[in-house]
Every structure is written in C-alpha cells, then in structure tokens.
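**Student:** The structure's right below; bear with me while I get my questions together.
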RNA sequence: GGAGAGGUUCCCGAGUGGUCAAAGGGAACAGACUGUAAAUCUGUCGGCAGCGCCUUCGGAGGUUCAAAUCCUCCCCUCUCCA
C-alpha cells in the first residue's frame, strides 16, 4: 500500500488522539485493514456532525481498507453518557430500526458497499441476545470499576449522577469491538474525541480476551470559534437529508463559515490536496470568499452530488455575486468549470394552489407557510424590523397577497439577508 | 428505608401571594457596519385579530378576590446517612 493514509489524516488534522501511532501507521501501510466507527441511530438522518467519521471512512476505503459502520441499535437503548451532562432519552426499538434504515441509505452514498468493501452492522445483532450472567462472567470481570471511574466521561457525570445502565455503556462498546475483532478481524476503532475512553476499553478487552493488539483513533471535536456545537443554524441542526435541510441552505451553511475555521473545514471536509488548501486558506479579501465558495461547493457536491451543488452555487452567486468572477484563483475543484452564464435560480420552493390564494391569504400567512418563520408574532416582528422582503422589496406591513404579486407565477420571499423561499402557482 | 436540597420559559439561572409572560446571562432572530465572515452597536426574543385575551414555572388537586410563589398527594433528580 503506497499511500500513507495515516499521514494524510494527520496532516488534515483529523486525528486527535491515537494509540500506538507508529504501529498503527505501519499496520495501515502493510496490508488492508478492517476498521469500524459507530453511528448512533438517534435520528433518521445524519447531520454534519457525522460527516467527519464518514469522510475518514472514505479516506481509508480509498486507500484500500475496509470500513464497518456499526449502527448502535443495541447501545442506543442504553445511552452513551460520554460528552453529555444529562441522561439522554431512550428510544424505542422500532424507532431505532427505522432510523437505522435512513442512516444506512445515506451511508451508501459515500461508501462503496459492493463486494463486501464496506459493511453496515447493527450491534443489536449480538447485544440483544446477551445473557446477563454470562456477560458479567466473561466480559465484566475484565473491567475495573476503579479504572472506569477515572475515565473523563464518567468523572463528569459523577458530579450530576450516572445511572447504572449508562455506566455499562463502556462495557457494551468494548464488547462490540471484541466481537468485531473476533468475527471480522477488525483491529481498529475510530470515533469522536469523547469516545476515547470507550475505545481504549475495547482495546484492553481484546488484549485480555484474545491476546491481540488493537488500535484506536479519535477525531477532533468540531466546535465554532466560540466553542459551540458545530452544525447548528437558525433551523436547528444541518442535516444531510435534503428533505430536512435544503441543498441551498446546506451550501450556504458552509459558504457562511467563519474565516478562522476555513482551513480546518477544507481539510476536514474536502478531498482537495493539502497543499492546495494551504494556498486557499491564506488568501485575503475576496480570495477568502472564493475559498469559501470552493468549500461550500465541494462539501455540497460530496453530500448532494455535483449537479445539485452546481445549482446551489449558481443560485447563491446570482443572489450574492461571485467572489472570483474572473477565475483568477487556482483550484482543482470542479467548481471552476461551472459556467455562470446560465445562472439560474433554484431556491427552496413550494406550490400554492389557486384556491388557497383566493381565501385571502396575507403575507404573514404566506411566510409561515414557507417555514421561513414559525409564528405570526415572529413574522410581524420580522416585518417591523425590516427583515421581510417580497420579490426583493422590503415589506412595510402585512397585507393580502394579490395575483399582481406573482411574477411569472412566482413570488420570492426573503427573511433577513440570506434566507429565501419561492412560492409558485401551478400553471 | 431515613434526613436534607431541588425540579422555572431553547440552555444556564433569579424570583417565595398581587407591580410576573416572569430579572440577568447565553443561544437565536432582525437592523446598522462589513466580505453572504468575525467583532461591535441597536432592537426583538410564549401564542394570538397588538396595552386585551389565552397558554406556561415537574404532575394532579386545594386555599385565596389573586399562586411560579401557600397547603395536600404524586413523579423525578441530587447530597448525606442506613
């Protein structure tokens, strides 16, 4: 294996911690390895927070390794206390299965599942059949409570309270690793920074039960510059499913990233060469905005496909202008090939039927219908504060919608500077 | 099981009979400034046909002209003891 993936992941800043770095590196160089990452089936779609694990899987799969995605169907019923200050809600088994399906479909867009090159496994397969006494005897005896209590994830929770069910989470995750090692010859586990304790516990367990060396890598935690959770915007989390977060909103999320985050985000979320990213990240003024366009295009293309990304890009450029109209900035990104000549608009939209219009719908009603705002009060506030626009004209006060408001059967609504929505009439 | 503390609007957190839709901070939203950034400043921030009504302070009852605030029961969390 010629390509040194470990090195590349490191250069991109994707490795926060790793066990036996040298050993792991040479292992990945020597032969194809099977590795796994767990995904929580807490929602039926993944959001941008899960993108890092996915991208790491992609990097490794490209390098010839075999990813296993573990759906935490069994562990989701227990609840991982890591990184949380409160006990989380438990999900019903049915809901977990349903969520798992949605996640599986999404993963298939990023990873090649053909010829067993990647697998998706639900840990409920083995966890739900565990016998308590057997488990305690075979697995539980390898864990020292004293040691567990020193784990950061538990330490925190000891302040506020930790239930026994959550306390067991570490054992279950360690057991996952143990099973995968045994049955799939999987020697490497990866996960978020907060998973370190759980991963290390698995490595220890494997050493004790199978006398094998296993390895772990954690990814850095993504936060905004003020330390908040990454991937939240006005509408809540930024999802990978287009039904939950429109492609344009998704694009805009990246386009509006903070300057200070740009280099990190390019490294994490795009496959552009590290050297190119260095160049892009040091650009100033409009250059930095071009770099953000590239970031937004690349990530959107990765998640929603090139065509949808190109459309989002064109829509954004037609609304806000291009940061580099003359294409002075060099990039290997395909965004360079997109012609802006035929810039078309493709805003999130919905169709309104004639009958509805005739019921005497007002602007406020329409804004709510688009989901741009949540309540009438909020809409009124928006209007009062001058943030509401109809066909790019600021609205002074609420009034009924008339057929004249439609231009070629289309009304363009806008909330604030950046959030657009189109309402169409059927023809 | 015993003793104590506590559960407040998205989060943290004040409020202990009317002046409470509920201080303050954070987040969020809008505006100004900018580069569709950050920082800063200003405004908003339960719902509604807008100074009036409705819903909200763990849950259910009760006292009172009036309750987040008092009483009863219940649920949950934490701390200490057993």
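**Student:** How much FRET efficiency would the formula 1/(1 + (r/R0)^6) give for residue A:136 and residue A:326, where r is the Cβ-Cβ distance and R0 is 56 Å, rounded to 0.05?
**Tutor:** My answer for the efficiency is 0.25.
**Student:** Rank A:107, A:382, A:240 by mean-square fluctuation in a GNM of chain A with C-alpha springs under 10 angstrom and give only the top-ranked residue.
**Tutor:** Of A:107, A:382, A:240, the Gaussian network model singles out A:382 as fluctuating most.
**Student:** Report relative contact order for chain A in percent, whole number only (criteria: Cα-Cα under 8 Å, sequence separation at least 6). Walk me through the intermediate numbers first.
**Tutor:** Numbers: 632 pairs, mean separation 57.7, N = 427.
It rounds to 14 percent for chain A.
**Student:** Residue separation times 0.36 nm, minus the C-alpha to C-alpha distance between residue A:288 and residue A:410: what's the value?
**Tutor:** Working: separation 122, 0.36 × 122 = 43.92 nm, distance 3.40 nm.
Full extension from residue A:288 to residue A:410 adds 40.5 nm.
**Student:** Also, quick follow-up: Give me A:47, A:178, A:427, A:3 ranked fewest to most by other Cβ atoms within 10 Å of their Cβ, as a rough exposure proxy.
**Tutor:** Details: A:47 18, A:178 26, A:427 5, A:3 13.
Arranged by neighbour count, lowest to highest, A:47, A:178, A:427, A:3 become A:427, A:3, A:47, A:178.
**Student:** Taking 0.36 nm per residue of sequence separation and subtracting the Cα-Cα distance, how much length would be gained by fully extending the chain between residue A:398 and residue A:422, in nm to one decimal?
**Tutor:** Values: separation 24, 0.36 × 24 = 8.64 nm, distance 1.81 nm.
Fully extending the segment from residue A:398 to residue A:422 adds 6.8 nm.
**Student:** Have a look at A:40, A:249, A:125 and tell me which one the Gaussian network model of chain A (Cα, springs below 10 Å) gives the largest fluctuation.
**Tutor:** Among A:40, A:249, A:125, the largest GNM mean-square fluctuation belongs to A:125.
**Student:** Kindly state, to the nearest 0.05, the FRET efficiency for residue A:31 paired with residue A:209, given R0 = 22 Å and r defined as their beta-carbon distance.
**Tutor:** Working: r = 23 Å, r/R0 = 1.05.
About 0.40, to the nearest 0.05.
**Student:** How do the peptides A:309-316, A:326-333 rank, highest first, by the average count of neighbouring beta carbon atoms within 10 Å per residue?
**Tutor:** Numbers: A:309-316: 22.2, A:326-333: 13.5.
The peptides rank, most packed first, as A:309-316, A:326-333.
**Student:** Report the label-to-label distance for residue A:4 and residue A:345 in nanometres (one decimal), using points 7 Å from each Cα along the Cα→Cβ vector.
**Tutor:** The modelled label-to-label distance comes out at 5.2 nm.
**Student:** Next question. Would you mind computing, in nm to one decimal, how far apart the modelled labels at residue A:258 and residue A:307 are, each placed 7 Å from Cα along Cα→Cβ?
**Tutor:** Here the answer is 3.8 nm between the modelled labels.
**Student:** By count of other Cβ within 10 Å, fewest leading, how are A:18, A:322, A:211, A:286 ordered?
**Tutor:** On the way: A:18 21, A:322 18, A:211 7, A:286 15.
Exposure proxy ranking, most exposed first: A:211, A:286, A:322, A:18.
**Student:** Relative to the longest principal axis of the C-alpha atoms of chain A, give the angle of the C-alpha long axis of helix A:93-110, reported between 0 and 90° and rounded to the nearest 10°.
**Tutor:** 80
**Student:** What is region A:270-325 by shape, rounded, prolate or oblate, if you read a ≥ b ≥ c off the alpha carbon gyration tensor as root eigenvalues and call it rounded for a/c under 1.5, prolate for a/b larger than b/c, and oblate otherwise?
**Tutor:** Details: a/c = 3.41, a/b = 1.18, b/c = 2.90.
Oblate shape, in that a/c is at least 1.5 and b/c is the bigger or equal ratio.
**Student:** Neighbouring Cβ atoms within 10 Å as the yardstick, rank A:132, A:36, A:16, A:389 fewest first. Before the final figure, lay out each step's value.
**Tutor:** Numbers: A:132 8, A:36 25, A:16 13, A:389 18.
So the ranking, lowest neighbour count to highest, is A:132, A:16, A:389, A:36.
**Student:** Rank A:72, A:216, A:396 by mean-square fluctuation in a GNM of chain A with C-alpha springs under 10 angstrom and give only the top-ranked residue.
**Tutor:** Between A:72, A:216, A:396, it is A:396 that shows the largest mean-square fluctuation.
**Student:** Pulled fully out, how much extra length does the chain show between residue A:361 and residue A:184, if you take 0.36 nm times their separation in residues and subtract their Cα-Cα distance? Walk me through the numbers on the way to the answer.
**Tutor:** Working: separation 177, 0.36 × 177 = 63.72 nm, distance 6.02 nm.
That works out to 57.7 nm of additional length.
**Student:** A further question follows. When DSSP assigns beta bridges and you keep just the ones with both residues in chain A, what percent turn out antiparallel, to the nearest 5?
**Tutor:** Working: 19 of 41 bridges.
Looking only at bridges with both residues in chain A, the antiparallel portion is about 45 percent.
**Student:** How much FRET efficiency would the formula 1/(1 + (r/R0)^6) give for residue A:385 and residue A:155, where r is the Cβ-Cβ distance and R0 is 51 Å, rounded to 0.05? Provide the component values of the computation, followed by the final result.
**Tutor:** On the way: r = 45 Å, r/R0 = 0.89.
Taking R0 as 51 Å, the efficiency between residue A:385 and residue A:155 is 0.65.
Bear in mind that the values in this text are calculations on the coordinates, not laboratory data. Predicted model, so just to flag it, every value in this text is computed and none were measured. Methodologically, a virtual Cβ is constructed for each residue, glycine included, from the backbone with ideal geometry; neighbour enumeration extends over all protein chains shown.
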